[in-house]
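Notes follow the structure.
The values are calculated or read from the model by the stated rules, or taken from the named source; none is laboratory data. Since we're looking at a predicted model, the values are computed, not measured. With ideal geometry, Cβ positions are generated from the backbone for all residues, glycine too; neighbour counts draw on all protein chains shown.
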Amino acid sequence: MADGFTYPRNQSSARAQAISVGKGEFTSSADGPPLIQRLGWLAAVFAVIVQQGAFVSSPVLSNLVAEVGAPDAQANILNSLAVFLNIMLIAPLCLLHCRKLAPIIYGNRAAIALIVLMFLSTIWSIHPDVTVRRCVNYFSTILTACYLAGRFDVDEAMKILSWGIAISAVCSFLFVAAFPIDAVHQPSLRQVEEIAGAWRGVFSHKNVLGHTMTVGVIVELYILSGAKVRTAWHALLLCGFLALVILSRSTTGILLACFYLVGASLFFLLQRARQYFGVGLAMLAVFGATIGAIYWTYPNSVFGFLGSDATLTGRTELWAFVLRLIAERPLLGWGYSAMWLPSDTITIAISRAVGWTVPQAHNALLEVTLEMGLTGLAIVITFVAVSLWRSMRCLMAGQQKLGMLSLVFFLGVIISGATESTLAQNQTIEWVVFNVLSFSCGLEIMRRQVGKETS
């Protein structure tokens, strides 16, 4: 299953030397002058903020730059500048540490194939200019993930993610206090659901705030499971992230936060009773598979139980139109991120039919297939499957914290994909962390393989 998409087991002596995982090879300690280390850390935090789409998509800034308030958040000039700075800061740092990033390139051919397919899709895209721009944005997303996984060890990468999300969280509270009209959803006839009063903070929509903060929840849980951390500070951040998830009123976000808390709680308990770790892992797998199956098969019932619209706020009607579009271009799709432009005639027709402005397919697999056809879907499913396999390999190899919480997060992203476009999306913090954890698990597996060969 994983052939050609995983970290290779047998390397030639030259390649094995090039991707050596000797002492400190993948850590940030004693790596360059202190000033360079600090600048690299700050650049990484900035990149995390950019990958959240924070600030630039907030209506609060629409008075400063007219394009920021457009429905297509990635078309505004502030976001373009942010992505440009993201690439200009991270690309040289990646080149500076190219030896550390080489194993990620060698071992993640599915991720590379996906980027190649995205750029190739400009050839048949219905909006090639949009596809090119968003391919560049996706490149910045993967570049950030590669830098975090290759340059820093997992614990330090999680701290960087914690700082980046914490900045957005704190500013969300400040935005609500200073600009309540723009930072909190107001009553509108254009909304298919009643979201007035839901917080969006420094983001464009309540669901973006909710999903970003759920990533913060799993990050803080990972950090708190460590031996030496500032428990009070990270516990406070965890409470703040959970509060914002609730204030955003994102149903999927609340479900994910609960799922992550259950998974982390199980991990904490099993750490104190290691003899039951296998049983606990099996329980988690059954629990996650059950929740995922129910959520994917009967999403209407789940949302109805939680007090949301029985038609998933119009998503089920939308999916019928999406399936028709996929049937027209099943192999290669309509072009990466080329759909759902406010001025596009297809988008306008579908929006009129469902009675609300459609920003996405609201289903991860449907969105990927719509953009890149069955070819792109096969690549994405392969990458996701390999990521799950890596997390379980880490568990079996003794890296229980990395393996367990990566598995919990992967399952959470897959579950949320039932109603949101979470896979292979640019400037989506969930996909950034998904790649970081997948790359990190792969590096850990390779490190142990090389260790066995040299011992």
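Key figures
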item: Unique residue being buried (at least 17 other Cβ atoms within 10 Å of the Cβ) and part of a helix (DSSP H, G or I) when the list is ALA177, ALA102, ALA145, ALA91; result: ALA145
item: Selection from region 106-142 of residues that are among the polar types (S, T, N, Q) and part of a helix (DSSP H, G or I); result: THR131, ASN137, SER140, THR141
item: Matching option when the condition is free of Cβ contacts under 8 Å to residues at least 40 places away in the same chain, surrounded by fewer than 24 Cβ atoms within 10 Å (Cβ to Cβ) and within 21 Å of VAL136 (Cα to Cα), among TRP340, TRP431; result: TRP340
item: Neighbours by Cβ (under 8 Å, 6+ apart or cross-chain): first from region 135-152, under 16 Å from CYS441 (Cα atoms); second among the β-branched types (Val, Ile, Thr) and outside any helix (DSSP H, G or I); result: PHE152/THR27
item: Members of region 317-337 found to be surrounded by 15 or more Cβ atoms within 10 Å (Cβ to Cβ), aliphatic (A, V, I, L, M) and over 17 Å from HIS362 (Cβ atoms), listed by number; result: LEU332
item: Members of region 322-352 that are out of contact with any helix residue (DSSP H, G or I) (no Cβ under 7 Å at 6 or more places or on another chain) and assigned to a helix (DSSP H, G or I); result: LEU323, ARG324, ALA327, GLU328, THR345, ILE346, THR347, ILE348, ALA349, SER351, ARG352
item: Criterion (surrounded by 18 or more Cβ atoms within 10 Å (Cβ to Cβ), more than 19 Å from the chain's Cα centre (by Cα) and without any contact (Cβ under 8 Å) to a residue 40 or more places away in the chain) met by exactly one of HIS127, HIS185; result: HIS185
item: Criterion (modelled with pLDDT under 90 and crowded, with 16+ Cβ neighbours inside 10 Å) met by exactly one of PHE241, PHE267, PHE287; result: PHE267
item: Residues satisfying the stated conditions in region 393-446, i.e. assigned to a loop (DSSP other than H, G, I, E, B) and charged (D, E, K, R); result: GLU420
item: Count - residues of region 155-168 that are more than 14 Å from the chain's Cα centre (by Cα), among the aliphatic types (A, V, I, L, M) and buried (at least 23 other Cβ atoms within 10 Å of the Cβ); result: 2
item: Residue check, LEU247 within 24 Å of the chain's Cα centre (by Cα), at pLDDT 90 or above and either exposed (fewer than 15 other Cβ atoms within 10 Å of the Cβ) or not in a helix (DSSP H, G or I) (or both); result: no
item: Matching residues in region 351-404 - criterion: being charged (D, E, K, R) and over 26 Å from GLY442 (Cα atoms); result: ARG352, GLU367, GLU371
item: Residue match in region 40-61 (condition: crowded, with 17+ Cβ neighbours inside 10 Å, among the polar types (S, T, N, Q) and at pLDDT below 90); result: yes
item: Given (1) over 30 Å from GLN449 (Cβ atoms); (2) of a type outside the set (S, T, N, Q); (3) in contact with a helix residue (DSSP H, G or I) (Cβ under 7 Å, 6 or more places away or on another chain), index of the condition ALA364 fails; result: (3)
item: Output for region 391-412, where each listed residue is within 20 Å of the chain's Cα centre (by Cα), of a type outside the set (Val, Ile, Thr) and farther than 15 Å from ASP155 by Cα; result: SER391, MET392, LEU407, PHE409, PHE410, LEU411, GLY412
item: Output for region 323-344, where each listed residue is over 23 Å from the mean Cα position of the chain (by Cα), of a type in the set (A, V, I, L, M) and under 14 Å from MET372 (Cβ atoms); result: LEU325, ILE326, LEU331, LEU332
item: Of residues in region 353-368 being in a helix (DSSP H, G or I) and more than 14 Å from THR422 (Cβ to Cβ), the one modelled with the highest pLDDT; result: ALA353
